[in-house]
Amino acid sequence: MPVLNEREYLEHAVKSVLEQDVDGPTELILALGPSTDGTTELAQRLAAADPRVQLVDNPAAHIPVGLNAAIRVSRYATVIRVDAHSELSAGYARRALETLERTGAANVGGVMRAEGRTPFQRTVARLYNSPVGLGGGAYHGSDHEGEAESAYLGVMRRAVLDEVGLFDESIRRGEDWELNLRIRAAGHLVWFDPRLSVTYWPRESWWRLARQFRATGAWRGELVRRYGRSNGLRFFAPPALVIVAVLALVIGILQLTGVLSGVLGIVASAVYLPLIAYALLVVAVALSGRRGLRERLWTMAVLPTMHFSWGLGFLAGVLRGAGDTVDASRLGSRNTPLP
(Lines give C-alpha, C1' and ligand atoms only; values in the text may rest on other atoms or scores of the structure.)
Protein backbone atom coordinates (compact mmCIF):
# COMPACT_ATOMS: atom_id res chain seq x y z
CA MET A 1 0.00 0.00 0.00
CA PRO A 2 1.63 3.28 -1.11
CA VAL A 3 0.70 6.04 1.34
CA LEU A 4 0.91 9.83 1.16
CA ASN A 5 -1.15 12.29 3.23
CA GLU A 6 -3.95 9.84 4.04
CA ARG A 7 -4.40 10.43 7.77
CA GLU A 8 -8.21 10.52 7.53
CA TYR A 9 -8.41 7.35 5.40
CA LEU A 10 -5.45 5.15 6.32
CA GLU A 11 -6.82 3.49 9.45
CA HIS A 12 -10.00 2.39 7.68
CA ALA A 13 -8.00 1.10 4.70
CA VAL A 14 -5.62 -0.86 6.94
CA LYS A 15 -8.51 -2.28 8.96
CA SER A 16 -10.20 -3.55 5.79
CA VAL A 17 -6.98 -5.37 4.85
CA LEU A 18 -6.21 -6.89 8.25
CA GLU A 19 -9.78 -8.20 8.54
CA GLN A 20 -9.45 -10.27 5.35
CA ASP A 21 -10.00 -13.98 6.04
CA VAL A 22 -7.46 -16.11 4.17
CA ASP A 23 -5.78 -19.44 4.80
CA GLY A 24 -2.14 -18.93 5.70
CA PRO A 25 0.03 -16.04 6.86
CA THR A 26 -0.40 -12.47 5.65
CA GLU A 27 1.46 -9.19 5.90
CA LEU A 28 0.68 -5.60 5.02
CA ILE A 29 3.55 -3.43 3.85
CA LEU A 30 3.02 0.34 3.85
CA ALA A 31 5.31 2.34 1.55
CA LEU A 32 5.42 5.71 3.27
CA GLY A 33 5.86 8.90 1.27
CA PRO A 34 6.86 12.20 2.93
CA SER A 35 3.44 13.04 4.40
CA THR A 36 2.82 16.34 6.15
CA ASP A 37 -0.55 15.63 7.80
CA GLY A 38 0.41 13.09 10.48
CA THR A 39 0.01 10.03 8.27
CA THR A 40 3.50 8.71 9.03
CA GLU A 41 2.94 8.88 12.78
CA LEU A 42 -0.39 7.09 12.39
CA ALA A 43 1.25 4.38 10.27
CA GLN A 44 3.87 3.89 12.96
CA ARG A 45 1.18 3.44 15.60
CA LEU A 46 -0.66 0.93 13.39
CA ALA A 47 2.56 -1.03 12.85
CA ALA A 48 3.28 -1.04 16.57
CA ALA A 49 -0.22 -2.40 17.26
CA ASP A 50 -0.09 -5.31 14.77
CA PRO A 51 3.03 -7.30 13.81
CA ARG A 52 1.58 -7.99 10.36
CA VAL A 53 2.04 -4.32 9.43
CA GLN A 54 5.48 -3.38 8.13
CA LEU A 55 6.82 -0.02 6.96
CA VAL A 56 9.18 0.89 4.13
CA ASP A 57 10.26 4.35 3.05
CA ASN A 58 9.25 5.91 -0.26
CA PRO A 59 10.95 9.32 -0.06
CA ALA A 60 10.25 10.13 -3.72
CA ALA A 61 6.50 9.60 -3.08
CA HIS A 62 6.04 8.03 -6.53
CA ILE A 63 3.53 5.17 -6.52
CA PRO A 64 5.48 2.60 -8.61
CA VAL A 65 8.64 3.25 -6.60
CA GLY A 66 6.76 2.64 -3.36
CA LEU A 67 5.03 -0.45 -4.74
CA ASN A 68 8.31 -1.98 -5.84
CA ALA A 69 9.96 -1.21 -2.50
CA ALA A 70 7.09 -2.98 -0.72
CA ILE A 71 7.09 -5.95 -3.11
CA ARG A 72 10.84 -6.47 -2.75
CA VAL A 73 10.60 -6.94 1.01
CA SER A 74 7.44 -9.06 0.82
CA ARG A 75 7.70 -12.75 1.69
CA TYR A 76 4.75 -14.53 0.11
CA ALA A 77 3.79 -15.96 -3.27
CA THR A 78 0.81 -13.65 -3.87
CA VAL A 79 0.94 -9.84 -3.93
CA ILE A 80 -2.28 -7.90 -3.35
CA ARG A 81 -2.02 -4.26 -4.25
CA VAL A 82 -4.17 -2.01 -2.08
CA ASP A 83 -4.71 1.72 -1.87
CA ALA A 84 -4.81 3.99 1.18
CA HIS A 85 -7.85 5.79 -0.26
CA SER A 86 -9.90 2.62 -0.58
CA GLU A 87 -11.37 -0.22 1.46
CA LEU A 88 -11.46 -3.90 0.52
CA SER A 89 -14.82 -5.62 0.74
CA ALA A 90 -15.20 -8.55 3.14
CA GLY A 91 -13.90 -11.75 1.57
CA TYR A 92 -12.00 -9.89 -1.18
CA ALA A 93 -8.66 -11.63 -0.66
CA ARG A 94 -10.13 -15.12 -0.30
CA ARG A 95 -12.23 -14.78 -3.45
CA ALA A 96 -9.31 -13.32 -5.39
CA LEU A 97 -7.06 -16.23 -4.42
CA GLU A 98 -9.78 -18.67 -5.45
CA THR A 99 -10.10 -16.90 -8.82
CA LEU A 100 -6.34 -17.00 -9.35
CA GLU A 101 -6.41 -20.75 -8.75
CA ARG A 102 -9.54 -21.37 -10.84
CA THR A 103 -8.45 -19.38 -13.90
CA GLY A 104 -4.69 -19.79 -13.79
CA ALA A 105 -4.41 -16.02 -14.26
CA ALA A 106 -1.33 -14.03 -13.34
CA ASN A 107 -3.34 -11.03 -12.14
CA VAL A 108 -6.94 -10.73 -10.95
CA GLY A 109 -8.91 -7.54 -10.32
CA GLY A 110 -12.45 -6.54 -9.52
CA VAL A 111 -14.79 -3.57 -9.46
CA MET A 112 -13.79 -0.13 -8.21
CA ARG A 113 -16.93 1.11 -6.45
CA ALA A 114 -16.50 4.82 -5.86
CA GLU A 115 -18.32 6.31 -2.89
CA GLY A 116 -18.64 9.84 -1.52
CA ARG A 117 -19.53 11.63 1.70
CA THR A 118 -20.07 15.21 0.58
CA PRO A 119 -22.28 16.32 -2.36
CA PHE A 120 -19.14 17.00 -4.40
CA GLN A 121 -17.49 13.68 -3.61
CA ARG A 122 -20.74 11.77 -4.21
CA THR A 123 -21.00 13.46 -7.61
CA VAL A 124 -17.45 12.45 -8.53
CA ALA A 125 -18.13 8.91 -7.33
CA ARG A 126 -21.26 8.63 -9.47
CA LEU A 127 -19.33 9.76 -12.54
CA TYR A 128 -16.50 7.35 -11.75
CA ASN A 129 -19.06 4.55 -11.78
CA SER A 130 -20.69 5.80 -14.99
CA PRO A 131 -19.60 4.89 -18.54
CA VAL A 132 -20.12 8.57 -19.40
CA GLY A 133 -17.62 9.63 -16.74
CA LEU A 134 -14.62 7.31 -17.04
CA GLY A 135 -16.16 4.59 -19.20
CA GLY A 136 -14.57 1.66 -20.93
CA GLY A 137 -12.68 -0.16 -18.21
CA ALA A 138 -14.48 -3.26 -16.93
CA TYR A 139 -13.56 -2.37 -13.35
CA HIS A 140 -15.77 0.73 -13.49
CA GLY A 141 -18.93 -1.34 -13.36
CA SER A 142 -19.01 -4.35 -15.65
CA ASP A 143 -20.71 -7.51 -14.38
CA HIS A 144 -19.16 -9.81 -16.99
CA GLU A 145 -16.31 -12.01 -15.77
CA GLY A 146 -13.49 -12.71 -18.18
CA GLU A 147 -10.13 -11.81 -19.65
CA ALA A 148 -9.24 -8.14 -19.17
CA GLU A 149 -6.88 -5.49 -20.50
CA SER A 150 -5.91 -4.39 -17.01
CA ALA A 151 -6.93 -4.95 -13.39
CA TYR A 152 -7.88 -2.42 -10.73
CA LEU A 153 -5.23 -2.66 -7.98
CA GLY A 154 -4.60 -6.33 -8.71
CA VAL A 155 -3.98 -9.64 -6.97
CA MET A 156 -0.80 -10.94 -8.60
CA ARG A 157 1.48 -13.94 -8.62
CA ARG A 158 4.86 -12.87 -7.29
CA ALA A 159 6.68 -15.23 -9.68
CA VAL A 160 5.15 -13.43 -12.67
CA LEU A 161 6.05 -10.02 -11.25
CA ASP A 162 9.65 -11.17 -10.90
CA GLU A 163 9.54 -12.51 -14.45
CA VAL A 164 8.31 -9.32 -16.13
CA GLY A 165 10.23 -6.92 -13.90
CA LEU A 166 7.83 -5.34 -11.36
CA PHE A 167 6.39 -1.85 -11.96
CA ASP A 168 8.13 0.57 -14.33
CA GLU A 169 9.45 3.27 -12.02
CA SER A 170 9.72 5.78 -14.87
CA ILE A 171 5.90 5.92 -15.08
CA ARG A 172 4.03 8.05 -12.54
CA ARG A 173 0.42 7.28 -13.57
CA GLY A 174 -0.96 4.33 -15.51
CA GLU A 175 1.76 2.09 -14.11
CA ASP A 176 -0.78 -0.69 -13.53
CA TRP A 177 -1.92 -0.64 -17.18
CA GLU A 178 1.69 -0.79 -18.37
CA LEU A 179 2.51 -3.68 -16.04
CA ASN A 180 -0.52 -5.62 -17.25
CA LEU A 181 0.54 -4.95 -20.85
CA ARG A 182 3.86 -6.67 -20.11
CA ILE A 183 2.13 -9.49 -18.24
CA ARG A 184 -0.11 -10.18 -21.24
CA ALA A 185 2.81 -9.83 -23.68
CA ALA A 186 4.64 -12.52 -21.69
CA GLY A 187 1.75 -14.88 -22.37
CA HIS A 188 -0.02 -14.64 -19.03
CA LEU A 189 -3.69 -13.99 -18.32
CA VAL A 190 -5.19 -10.88 -16.69
CA TRP A 191 -8.67 -11.58 -15.33
CA PHE A 192 -11.65 -9.50 -14.22
CA ASP A 193 -13.96 -10.91 -11.54
CA PRO A 194 -16.97 -8.67 -10.72
CA ARG A 195 -17.47 -10.45 -7.40
CA LEU A 196 -14.38 -8.62 -6.15
CA SER A 197 -15.20 -5.15 -4.92
CA VAL A 198 -13.10 -2.29 -3.58
CA THR A 199 -14.59 0.92 -2.19
CA TYR A 200 -12.73 3.96 -3.51
CA TRP A 201 -13.00 7.49 -2.11
CA PRO A 202 -12.43 10.13 -4.85
CA ARG A 203 -10.76 13.52 -4.47
CA GLU A 204 -12.52 15.91 -2.14
CA SER A 205 -12.43 19.22 -4.04
CA TRP A 206 -12.76 20.53 -7.58
CA TRP A 207 -9.14 21.74 -7.70
CA ARG A 208 -7.78 18.40 -6.49
CA LEU A 209 -9.88 16.55 -9.05
CA ALA A 210 -8.67 18.77 -11.90
CA ARG A 211 -5.02 18.27 -10.88
CA GLN A 212 -5.50 14.51 -10.62
CA PHE A 213 -7.09 14.20 -14.05
CA ARG A 214 -4.57 16.47 -15.73
CA ALA A 215 -1.70 14.35 -14.40
CA THR A 216 -3.45 11.10 -15.33
CA GLY A 217 -4.11 12.38 -18.85
CA ALA A 218 -0.49 13.50 -19.27
CA TRP A 219 0.77 10.04 -18.40
CA ARG A 220 -1.73 8.38 -20.72
CA GLY A 221 -0.32 10.64 -23.45
CA GLU A 222 3.16 9.45 -22.48
CA LEU A 223 1.99 5.82 -22.70
CA VAL A 224 0.61 6.53 -26.18
CA ARG A 225 4.04 7.86 -27.17
CA ARG A 226 5.63 4.66 -25.88
CA TYR A 227 3.09 2.03 -26.88
CA GLY A 228 0.89 3.57 -29.60
CA ARG A 229 -2.30 1.72 -30.41
CA SER A 230 -1.86 -0.72 -27.55
CA ASN A 231 -3.89 1.98 -25.80
CA GLY A 232 -7.66 1.57 -26.21
CA LEU A 233 -9.66 3.93 -28.42
CA ARG A 234 -11.58 5.24 -25.37
CA PHE A 235 -8.44 7.10 -24.25
CA PHE A 236 -8.65 9.33 -27.33
CA ALA A 237 -12.17 10.67 -26.68
CA PRO A 238 -11.30 13.46 -24.16
CA PRO A 239 -8.44 14.91 -26.27
CA ALA A 240 -10.73 14.83 -29.31
CA LEU A 241 -13.26 16.86 -27.30
CA VAL A 242 -10.57 19.41 -26.41
CA ILE A 243 -9.48 19.73 -30.05
CA VAL A 244 -13.06 20.28 -31.19
CA ALA A 245 -13.57 22.93 -28.49
CA VAL A 246 -10.41 24.77 -29.56
CA LEU A 247 -11.46 24.63 -33.22
CA ALA A 248 -14.89 25.94 -32.29
CA LEU A 249 -13.32 28.83 -30.37
CA VAL A 250 -11.07 29.77 -33.30
CA ILE A 251 -13.92 29.53 -35.81
CA GLY A 252 -16.18 31.56 -33.52
CA ILE A 253 -13.60 34.35 -33.33
CA LEU A 254 -13.13 34.32 -37.10
CA GLN A 255 -16.89 34.50 -37.61
CA LEU A 256 -17.34 37.35 -35.13
CA THR A 257 -14.57 39.37 -36.77
CA GLY A 258 -15.98 38.75 -40.26
CA VAL A 259 -12.90 36.87 -41.48
CA LEU A 260 -15.02 33.76 -41.98
CA SER A 261 -18.44 34.42 -43.52
CA GLY A 262 -20.81 33.35 -46.25
CA VAL A 263 -21.17 29.72 -47.27
CA LEU A 264 -17.78 28.83 -45.80
CA GLY A 265 -18.82 30.31 -42.49
CA ILE A 266 -22.04 28.29 -42.49
CA VAL A 267 -20.17 25.08 -43.29
CA ALA A 268 -17.61 25.81 -40.58
CA SER A 269 -20.43 26.14 -38.05
CA ALA A 270 -20.76 22.35 -38.15
CA VAL A 271 -17.91 22.27 -35.62
CA TYR A 272 -20.40 23.45 -32.98
CA LEU A 273 -22.61 20.37 -33.34
CA PRO A 274 -20.41 17.95 -31.32
CA LEU A 275 -20.14 20.54 -28.53
CA ILE A 276 -23.90 21.08 -28.48
CA ALA A 277 -24.37 17.30 -28.28
CA TYR A 278 -21.83 17.11 -25.46
CA ALA A 279 -23.54 19.93 -23.53
CA LEU A 280 -26.88 18.14 -23.87
CA LEU A 281 -25.25 14.93 -22.63
CA VAL A 282 -23.87 16.71 -19.56
CA VAL A 283 -27.30 18.18 -18.78
CA ALA A 284 -28.97 14.80 -19.28
CA VAL A 285 -26.54 13.12 -16.90
CA ALA A 286 -27.06 15.90 -14.34
CA LEU A 287 -30.83 15.52 -14.48
CA SER A 288 -30.87 11.72 -14.38
CA GLY A 289 -31.61 9.82 -11.19
CA ARG A 290 -32.98 11.00 -7.87
CA ARG A 291 -30.44 13.48 -6.57
CA GLY A 292 -30.44 16.84 -4.85
CA LEU A 293 -29.94 20.17 -6.54
CA ARG A 294 -26.33 20.53 -5.33
CA GLU A 295 -25.32 17.18 -6.83
CA ARG A 296 -27.01 18.04 -10.13
CA LEU A 297 -25.17 21.35 -10.29
CA TRP A 298 -21.89 19.71 -9.35
CA THR A 299 -22.39 17.16 -12.14
CA MET A 300 -22.50 19.95 -14.72
CA ALA A 301 -19.16 21.22 -13.38
CA VAL A 302 -17.43 17.93 -12.58
CA LEU A 303 -18.07 16.00 -15.80
CA PRO A 304 -16.49 18.62 -18.10
CA THR A 305 -13.68 19.09 -15.58
CA MET A 306 -12.84 15.39 -15.73
CA HIS A 307 -12.94 15.27 -19.53
CA PHE A 308 -11.20 18.56 -20.32
CA SER A 309 -8.50 18.21 -17.64
CA TRP A 310 -7.74 14.69 -18.80
CA GLY A 311 -7.82 15.72 -22.47
CA LEU A 312 -5.53 18.72 -21.97
CA GLY A 313 -3.09 16.58 -20.01
CA PHE A 314 -3.21 13.89 -22.70
CA LEU A 315 -2.38 16.30 -25.51
CA ALA A 316 0.52 17.76 -23.53
CA GLY A 317 1.77 14.25 -22.78
CA VAL A 318 1.59 13.19 -26.44
CA LEU A 319 3.25 16.35 -27.75
CA ARG A 320 6.11 16.69 -25.27
CA GLY A 321 5.92 13.69 -22.95
CA ALA A 322 4.80 13.58 -19.33
CA GLY A 323 8.26 14.54 -18.09
CA ASP A 324 8.18 15.07 -14.34
CA THR A 325 4.38 15.49 -14.16
CA VAL A 326 3.03 14.11 -10.89
CA ASP A 327 -0.39 13.90 -9.31
CA ALA A 328 -0.10 16.62 -6.69
CA SER A 329 -3.73 16.33 -5.60
CA ARG A 330 -2.78 14.45 -2.42
CA LEU A 331 -0.51 17.20 -1.18
CA GLY A 332 -1.73 19.19 1.80
CA SER A 333 -4.16 18.05 4.46
CA ARG A 334 -7.63 18.95 3.15
CA ASN A 335 -9.00 15.44 2.95
CA THR A 336 -12.66 14.96 3.83
CA PRO A 337 -12.83 13.54 7.37
CA LEU A 338 -14.54 10.23 7.94
CA PRO A 339 -17.77 10.22 9.96
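The values are calculated or read from the model by the stated rules, or taken from the named source; none is laboratory data. All of these numbers come straight from a predicted model, not from anything done at the bench. Glycine gets a Cβ as well: all are built from the backbone with ideal geometry, and neighbour counts include every protein chain shown. Heads up: the accessible areas ignore ligands, DNA and RNA and are worked out on the full protein's heavy atoms, side chains in. Shrake-Rupley method; radii C 1.70, N 1.55, O 1.52, S 1.80 Å.
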Can you pull out the helices (runs of 4 or more DSSP H) entirely within segment 36-103 that have at least 1 residues that are in contact with a Leu (Cβ under 7 Å, 6 or more places away or on another chain) and closer than 21 Å to Glu169 by Cα? 63-73
Which of the residues that make up segment 95-109 are within 13 Å of Ser197 (Cβ to Cβ) and open to solvent by 20 Å² or more (accessible area, probe 1.4 Å)? Arg95
Restricting to segment 282-300, and then to whatever is in contact with a helix residue (DSSP H, G or I) (Cβ under 6 Å, 6 or more places away or on another chain) and basic (Lys, Arg), can you tell me which residue is least open to solvent (accessible area, probe 1.4 Å)? Arg296
